[in-house]
Amino acid sequence: MRSGRAFAAAMSCLLLLGSIAIAGEPKQGGIFRIYHRDSPGSASIHEGATNSINIPFMPVFNNLVIYDQHIAQNSLDNIRPELAESWAWSADKKTLTFKLRQGVKWHDGKPFTSADVKCTFDMLMGKSQQKFRQNPRKTWYDQVNDVTTNGDYEASFNLKRPQPSLLGLLASGYTPVYPCHVSPGDMRTKPVGTGPFKFVEFKANESIKLTRNPDYWKKGLPYLDGIEFNIITNRSTAVLGFISGKFDMTFPTEVTIPLLKDVKSQAPNAVCVLEPNNVSTNIIVNSSNPPF
């Protein structure tokens, strides 16, 4: 499962059943079941500001490039190709050109081309007739003059001045490529992507279901038949569901150290991992009001 790597806390637990091997060759099949802490406002990653959207819906999409999902810490050295086969900077570092992958299809069967890249980033920059209802990351592209295409399989980002961080932003979990032929409104309720999983349904405050894309351009992937997110906003209820075997994994960030003791005592076959994180939680005091 692909992830945005932007988790707000530091522990998750995986339930290993006696019949499941920890290591070895992966096998085809099975539904991955996980609870989700929140009911997203829509299915459109580009219109969301938190990982409550991109964690369940990122498997539907691909980026131009992505951080290597097998390396825990992101860096510019760990960026890998996805819809782009390769990329190169111009000598003055003001043009970033991507050679795009051929033969990729959207989930509705239409071909992926450079026009989809241009449409996506024109909307993000507010330069197209179609508009996002919300556009929380528009400022990421303030230094981009425009996106141009050269045929169906080449797209270039032309910058006002060098922006070394642009490639890193394009690799994040918040930067999927959208189809040019699907409206922003439809992407909120029935998203169409090129990713390993296809959208099935989204029931607000209830569940999100994805199914395997049999025509995924990465041959042989994904191994899973589907992913099911059960939306449970109460942390204790969700963790009890995991302990009872209803879920295969806890939602990352939702297991506290005190809850860990309950998990380990009631589900001894659970494997829990404590990791550092890059998101802080703050109480901010308003210093302009009394008594401060």
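What follows is calculated from the coordinates using simple rules that are stated; it is not laboratory data. Everything quoted here is computed from the prediction, not taken from an experiment. So basically every Cβ, Gly included, is an ideal-geometry build from the backbone, and we count neighbours across all protein chains shown.
With only Lys, Arg, Asp and Glu charged, each at its Cβ (+1 for the first two, -1 for the last two), find how big the charge dipole of the chain is about the Cα centre; round to the nearest 20 debye. Working shown, then result.
Working: 32 positive and 25 negative charges, 43 e Å.
My answer is approximately 200 debye.
Rounded to 0.05, the FRET efficiency of the Lys94 and Ile71 pair, given R0 = 25 Å and the Cβ-Cβ distance, is 0.30. Comparing Pro252, Pro184, Pro268 in a Gaussian network model of the chain, where Cα atoms under 10 Å apart are tied by springs, the biggest mean-square fluctuation is seen for Pro268.
Do the alpha carbons of any pairs in Lys27/Lys209; Lys131/Lys203; Lys118/Lys190; Lys203/Lys261; Lys93/Lys131 sit beyond 27 Å of each other, and which pairs? Pairs exceeding the cut-off: Lys203/Lys261; Lys93/Lys131. What 222 nm value per residue comes from the helices of the chain, counting each DSSP H run with n ≥ 4 as -39,500 (n - 2.57) and dividing by all residues, nearest 500 deg cm²/dmol? It comes out at -4500 deg cm²/dmol, rounded to the nearest 500.
The trypsin sites (Lys or Arg not before Pro) found in segment 214-252 that occupy coil by DSSP, while having at most 15 further C-beta atoms within 10 Å, are Lys218, Lys219, Lys246. Partner aspartates and glutamates whose Cα lies under 17 Å from the Cα of Lys110, excluding those fewer than 8 positions away in the same chain, are identified as Asp152, Asp186, Asp215. Entry note, segment 11-274: relative contact order of 32 percent, from Cα contacts under 8 Å with a spacing of 6+ residues. Compactness of segment 11-274, taken as the C-alpha radius of gyration over 2.2 N^0.38 Å, stands at 1.08.
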